[in-house]
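*Asks:* This is the structure, below, for whatever I ask next.
FYI, it's all coordinate maths here, none of it is from the lab. Just so we're clear, the structure is a prediction, and the values are computed from it rather than from any experiment. Here the Cβ is made from the backbone with ideal geometry for all residues, glycine too, and neighbour counts use every protein chain on show.
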Amino acid sequence: MRIFLDTAKVAEIKEAVAWGVIDGVTTNPTLLARAGQADVAAVTREICALVPGPVSVEVLGTTAAEMIREARTYAAWKLNTAVKIPMTVEGLKAVKELSQEGIKTNVTLIFSANQALLAAKAGATFVSPFVGRLDDISHDGLAVIRDTAEIFRLYGFTTEIIAASIRHPLHVLAAAKAGAHIATVPFAVLKQMVKHPLTDIGIERFLADWRALTEKQTGPA
Ligand code: E4P
């Protein structure tokens, strides 16, 4: 399973890339605002230089024509980007056109397996079901991942599933088991995934035992 970082903060991306676990990045207008990054071209270029996989950049237009125009601008940067297109009728039209032009798309704001199916049929490279936002309103976000994975498998779709809107490490684990190809995780969740209290206790105990042994042999330092 691939892991993308769900952020536009370059410092977070640099840190996580150094851990050797990051395959790509997803951004959206909210994440760019949180990072204080209004120059989308510049920050995307910077992020693309850091990660091997695609960097998702979202369109702001609401008509197919506007989305296609923005996507073509992003494609002209000649970077490894996937254009994030909202799951609407206009979005589907844009995805159909862009897939014919060979421009990678990531259909975002997916909240049902039917939406994912339609996006895949239109030619989406990726679909992003929002697990956390569904859980927030007491729906089963992971069921969308499970159903979408089953449908894609049954009918041989090559569209990849990005489990998005991840709130905690259990979402990543469950999304992996449910068949998501990728999870896009906030940096805070990635840090939680590294930690286990028994690891910390284990390190403390190894060091304490070693200290005790060496002090017994050579006396306290
Ligand atoms: C990723 O592609 C989405 O934009 C992101 O995961 C949304 O997460 P949120 O629900 O925490 O805003």
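*Asks:* Let me check I have the definition right: for segment 76-162, take the eigenvalues of the Cα gyration tensor, multiply each by 5, take square roots. What are those semi-axes in whole Å, largest first?
*Replies:* So the equivalent ellipsoid measures 22, 14, 11 Å along its semi-axes.
*Asks:* Moving on to the next point. Kindly rank 153-165, 36-48, 203-215 from highest to lowest mean number of other beta carbons found within 10 Å of each residue. Each step should come with its number before you reach the end.
*Replies:* Numbers: 153-165: 18.3, 36-48: 15.9, 203-215: 10.4.
Result, highest mean Cβ count within 10 Å first: 153-165, 36-48, 203-215.
*Asks:* Same structure, new question: Among F152, F126, which comes first, second and so on when ranked by fewest other beta-carbon atoms within 10 Å?
*Replies:* Least to most surrounded, the residues fall as F152, F126.
*Asks:* What does the helix-only formula give at 222 nm for the chain: each DSSP H stretch with n ≥ 4 adding -39500 (n - 2.57), the total divided by the residues, and the result rounded to the nearest 500 deg cm²/dmol?
*Replies:* -16500 deg cm²/dmol
*Asks:* While we're here: Can you pick out the pairs among K84/K177; K14/K191; K9/K84; K96/K177; K14/K84 whose Cα atoms lie more than 20 Å from each other?
*Replies:* K84/K177; K96/K177; K14/K84
*Asks:* Restricting to the chain, compute how many DSSP beta bridges are antiparallel as a %, nearest 5. Please list the in-between numbers first.
*Replies:* Values: 0 of 25 bridges.
Taking every DSSP beta bridge with both residues in the chain, the antiparallel ones total about 0 percent.
*Asks:* If the viscosity is 1.567 mPa s and the temperature 4 °C, what translational diffusion coefficient in µm²/s does Stokes-Einstein give for the chain when Rh comes from Kirkwood over Cα pairs?
*Replies:* Answer, rounded: 70 µm²/s.
*Asks:* Moving to a separate point now. Distance from the Cα centre of segment 45-74 to that of segment 1-41, in angstrom?
*Replies:* For segment 45-74 versus segment 1-41, the Cα centre distance is 14 Å.
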